[in-house]
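Asks: First the structure, which I've put down as structure tokens, then a few questions once you've had a look.
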Amino acid sequence: MNVLARIGAVVLAFFEAVGRVAIFAGSALYHCIAPPFHGRQVLRQLIDVGYYSLPVVALTTLFSGMVLALQSYTGFARFSAEDAVANVVVLSMTRELAPVLAGLMVAGRIGASMAAEIGTMRVTEQIDALATLSTHPMKYLVAPRIFAGVTMLPVLVLIGDVIGALGGYLVGVYRLGFNASAYMQQTWNFVETMDVVSGLVKAGIFGFIVTLMGCYHGYNSRGGAQGVGVATTNAVVSSAILILIANYFVTESFFSK
Amino acid sequence: MSAPPKIAFRDVHLAFGPKQVLKGVGLEVQKGDSLVVIGGSGSGKSVLIKTVLGITTPDSGQVLVDGVDVVGARGRDREALNNRIGMLFQGGALFDSLTVWENVAFGLIQTGAAKGKAARAKAIETLARVGLDEAVADLLPVELSGGMQKRVALARAIADQPEIIFFDEPTTGLDPIMSDVINHLIVECVRDLGATAITITHDMRSARTIANRVAMIYDGKIVWDGPVDKLDAGENPYVDQFVHGRAEGPIQMTVRR
């Protein structure tokens with residue numbers, strides 16, 4: 001009986017958490033579309049999420065594209081299928097690696113900082129203070145961040161797609177001795193609109209996950225510096241896991257026929 | 001028929017999980033009164049004023065402002081109500097990403113009462129009332145000392161001329177001289193605005209300076225309520241023990257919250 005009770009408690013706690021996140025997400029989305037809007041906050045978040053994440057995403061995708069070319073070349077050489085390197089690089093980058101890696105990097109950079117900032121505002125009563133100054137904290141703090149995540153991550157991923165393909169090109173042409181125009185041609189011929197679009201849709205979903213988790217854990221943090229630390233950890237871990245899980249299901253819905 | 005009290009608590013109960021914080025608080029504050037609520041740490045003093053602002057919601061009972069029950073007020077009703085209330089938070093709760101004048105003018109800008117230059121002018125005028133000059137207006141809150149931050153927070157609380165002001169432990173963490181300065185500023189501001197004030201404190205010097213009425217909260221209930229000059233009359237053993245700061249008496253200190 002005791003064992004059953006424990007299992008039950010864990011299950012109930014899980015569903016309670018899911019319910020809380022869902023209510024939080026609903027409220028956040030409502031405040032994203034219902035005026036008034038806080039233009040300055042939105043702009044600040046767009047710059048923070050989009051512009052300042054660019055170097056991290058660019059470096060990650062550049063080296064992923066490079067290593068992908070190198071690895072697939074050594075693998076495919078066994079079957080004399082070296083020509084497929086360009087296709088593998090561009091397909092893996094656009095469909096999988098750019099969105100997932102960008103999502104994970106942004107989770108570490110943005111999700112953590114959002115949880116820490118909002119968490120600190122919570123424990124120093126700044127969020128309560130907003131409510132006393134005729135400002136809805138969800139609208140002022142959460143909505144601009146979620147909006148920035150959903151809109152900026154696809155932009156980052158689009159740039160990452162190009163840089164990743166470039167990484168593959170650099171290694172292919174300068175290291176593996178491919179013909180430059182042939183490599184370009186291969187890349188261009190094989191990539192389809194759907195590959196890029198599916199990656200961008202993923203990016204939008206991951207952007208939502210990262211900012212939602214950062215805001216949710218920060219908003220609900222309790223008890224001083226330690227509470228903010230816990231919130232930050234939870235934000236990063238939960239967004240990373242949710243990104244990987246969501247990635248599977250989005251892929252399933254796009255490419256299973 | 002006499003006007004209803006400005007603020008009234010009727011049998012307010014509130015629990016955080018298993019911990020019963022308020023166990024039937026009944027208290028009335030007349031218009032123009034400056035009530036000080038005294039009580040030990042963790043006795044639910046702060047929670048009491050947060051029920052008026054809607055930051056916490058009581059489990060049962062009524063909280064009346066001008067005779068209207070405000071428990072569960074949401075959206076525009078809540079905004080309109082909170083517009084009439086100013087609050088000085090314990091730690092100041094200044095927005096650390098905004099400058100001093102932007103903090104002070106925050107409520108004015110959000111409600112649309114003032115914009116741009118006018119908002120800044122109004123902020124500087126309000127800063128002058130708490131004894132700060134224009135030089136601090138463009139600093140960030142972290143650049144100020146604790147006492148200065150309290151003054152800025154006070155300026156923010158009174159900037160849009162509220163009818164009701166709450167002060168949550170206004171002198172905590174300040175040296176005795178700065179405490180006295182803040183106490184006198186509070187007295188002046190309340191008098192000049194003709195506001196109704198509730199101050200939460202366990203600093204008896206502060207209580208005697210600010211109050212014209214005093215209420216004592218113990219174990220989730222108001223155990224005594226009377227004019228400030230009856231504070232030393234020895235009417236109530238709880239008040240007597242608290243005022244004289246004695247370890248022996250009816251109030252037993254618990255270690256855990």
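The values are calculated or read from the model by the stated rules, or taken from the named source; none is laboratory data. Everything numeric in this text was worked out from a predicted model, so none of it was measured. Here the Cβ is made from the backbone with ideal geometry for all residues, glycine too, and neighbour counts use every protein chain on show. Keep in mind that these areas ignore ligands, DNA and RNA; they rest on the heavy atoms of the full protein, side chains included. Shrake-Rupley method; radii C 1.70, N 1.55, O 1.52, S 1.80 Å.
Asks: For the stretch A:100-175 and the stretch A:27-93, write down the distance between their C-alpha centroids in whole Å.
Replies: What the calculation gives is 13 Å, centre to centre.
Asks: Using a 10 angstrom cutoff on alpha carbons, build the Gaussian network for chain A and name the most mobile of A:L244, A:L70, A:L133.
Replies: In the Gaussian network model the winner is A:L133.
Asks: Enumerate by residue number the trypsin sites (Lys or Arg not before Pro) in the stretch A:133-236 meeting two conditions: DSSP loop (anything except H, G, I, E, B), and at most 13 other Cβ atoms within 10 Å of the site's Cβ.
Replies: Loop-located and lightly packed - A:R175, A:R222.
Asks: Ignore the peptide's own chain and count Cβ atoms of other chains within 10 Å of each Cβ in B:99-112; give me the average, rounded.
Replies: 2
Asks: Separate question: So if I place +1 on the C-beta of Lys and Arg and -1 on the C-beta of Asp and Glu, and nothing else carries charge, what would the dipole magnitude of chain A be about its Cα centre? I want it in debye, nearest 20.
Replies: That gives chain A a dipole magnitude of about 400 debye.
Asks: Which chymotrypsin sites (Phe, Trp or Tyr not before Pro) in the stretch A:1-96 pass both tests, a DSSP loop state and at most 16 other beta-carbon atoms within 10 Å?
Replies: Within the stretch A:1-96, the qualifying chymotrypsin sites (Phe, Trp or Tyr not before Pro) (loop, at most 16 other Cβ atoms within 10 Å) are A:F37, A:Y52.
Asks: Further question on the same structure: At a 1.4 Å probe radius, which order do B:E125, A:E82, B:E248 fall into by accessible area, largest first?
Replies: B:E248, B:E125, A:E82
Asks: Also, quick follow-up: Looking at chain B, do any whole DSSP H helices span at least 15 angstrom along their long axis by alpha carbon and average -0.5 or above on Kyte-Doolittle, and which?
Replies: The qualifying helices are B:116-129, B:146-158, B:176-193.
Asks: Of A:N220, A:N179, A:N234, which has the largest mean-square fluctuation in a 10 Å C-alpha GNM of chain A?
Replies: A:N179
Asks: Work out which helices of chain A, taken as complete DSSP H runs, extend at least 20 Å along their axis over the Cα atoms and score a mean Kyte-Doolittle of -1.0 or more, then list them.
Replies: A:2-33, A:54-76, A:143-174, A:193-219, A:224-255
Asks: To the nearest 500 deg cm²/dmol, what mean residue ellipticity at 222 nm is calculated for chain B from DSSP H runs of n ≥ 4 alone, each contributing -39,500 (n - 2.57), summed and divided by the residues?
Replies: One gets -10000 deg cm²/dmol as the mean residue ellipticity at 222 nm.
Asks: Over all directions, average the projected area of the Cα convex hull of the protein assembly as shown and note it in nm².
Replies: Mean projected area for the protein assembly as shown: 32.7 nm², to one decimal.
Asks: Only Lys, Arg, Asp and Glu count, each charged at its Cβ (+1, +1, -1, -1), so figure out the dipole size of the protein assembly as shown about its Cα centre, rounded to 20 debye.
Replies: 640
Asks: What lysines could a cross-link reach from A:K202, if we take a straight Cα to Cα line under 22 Å and drop same-chain neighbours fewer than 8 places away?
Replies: A:K257
Asks: Tally the DSSP beta bridges in chain B and give the antiparallel ones as a percent, rounded to 5.
Replies: Around 55 percent of the beta bridges assigned by DSSP in chain B are antiparallel ones.
Asks: Using a Gaussian network model on chain B with a 10 Å cutoff between Cα atoms, which of B:D160, B:D219, B:D192 fluctuates the most?
Replies: B:D192
Asks: Moving on. Do the alpha carbons of any pairs in B:K23/B:K150; B:K19/B:K50; B:K31/B:K221; B:K6/B:K45; B:K45/B:K115; A:K139/B:K150 sit beyond 25 Å of each other, and which pairs?
Replies: B:K23/B:K150; B:K45/B:K115; A:K139/B:K150
Asks: Roughly how big is chain B's charge dipole about its Cα centre, with Cβ charges of +1 (Lys, Arg) and -1 (Asp, Glu), in debye to the nearest 20?
Replies: Taking the Cα centre of chain B as origin, the dipole is about 520 debye.
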